[in-house]
């Protein structure tokens, strides 16, 4: 049985070697690219199963690499975990909105990074196998939002909204029980899987990005201070 391969895109040799060491311990095959252009060349030669991507690279930055990969039909589904010292909310949101599956800030725990890489691979495998979190369709706010769970499609006012897999799962999880408050821990378990490390701050970033993409319908996702989030019920949405 062949091992899954991670491409480590990192310009600092020590960090690249650290990630490779832990990846190989976890059973991955690992390649290293020290620049954005080198990463694209490596992907062209042989497509990896998952990418660990730094943002601050010497030629083509990580966000541009992510943008190019997600724009191409051949690489759009490649799982990407950004690993960067840029931990400001705007940077995290930018990476997630470009289609990155996760975002880890430096300094990081190698064990956490390995868990994130495995989690995004697991989700992608489920997606390719046609496994969805639940069958059927859900609507919110009357017919404002239409969520097709089987095809992973969301429409707002009839217009299709492009969401990342994480954003879709978050919305679908909240929409299954309108009016019920979901804690951040419950959200993490639902969209990442049990045992995966994900900070409450990262949940907040995903929610903020989701609200922006949904426009006025984003107001349906309500913050319950000190607890988590919920989706407004039909009656509340119409009030």
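Numerical summary
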{"read-out": "The chain: angle of helix 36-45 to the longest principal axis, Cα-based, in degrees nearest 10", "value": "90"}
{"read-out": "Net length gained if the chain between residue 37 and residue 106 were fully extended (0.36 nm per residue, minus Cα distance)", "value": "22.6 nm"}
{"read-out": "Extension gain, residue 216 back to residue 189 (0.36 nm per residue minus Cα-Cα distance, nm)", "value": "7.0 nm"}
{"read-out": "Stokes-Einstein D for the chain, Kirkwood Rh over Cα pairs, 20 °C, 1.002 mPa s (µm²/s)", "value": "116"}
{"read-out": "Calculated FRET efficiency for the pair residue 233/residue 24, C-beta based, R₀ 41 Å, to 0.05", "value": "0.25"}
{"read-out": "Folded to 0 to 90 degrees: helix 200-214 orientation relative to the chain principal axis, Cα", "value": "60"}
{"read-out": "The chain - mean residue ellipticity at 222 nm from DSSP helices (-39,500 (n - 2.57) per run, n ≥ 4, rounded to 500)", "value": "-13000 deg cm²/dmol"}
{"read-out": "More than 19 angstrom apart: percent of Cα pairs within the range 1-115", "value": "38"}
{"read-out": "Compactness relative to 2.2 N^0.38 Å, alpha carbon Rg of the range 51-187", "value": "1.13"}
{"read-out": "Between 0 and 90°, nearest 10: helix 110-128 axis offset from the chain longest Cα axis", "value": "60"}
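Where a number appears in this text, it was derived from the coordinates with a stated rule and is not lab data. Note that the structure is a prediction, hence the values are computed from the model and not measured. When we count neighbours, we look across all protein chains shown, and the Cβ atoms used for this are built from the backbone with ideal geometry, even at glycine.
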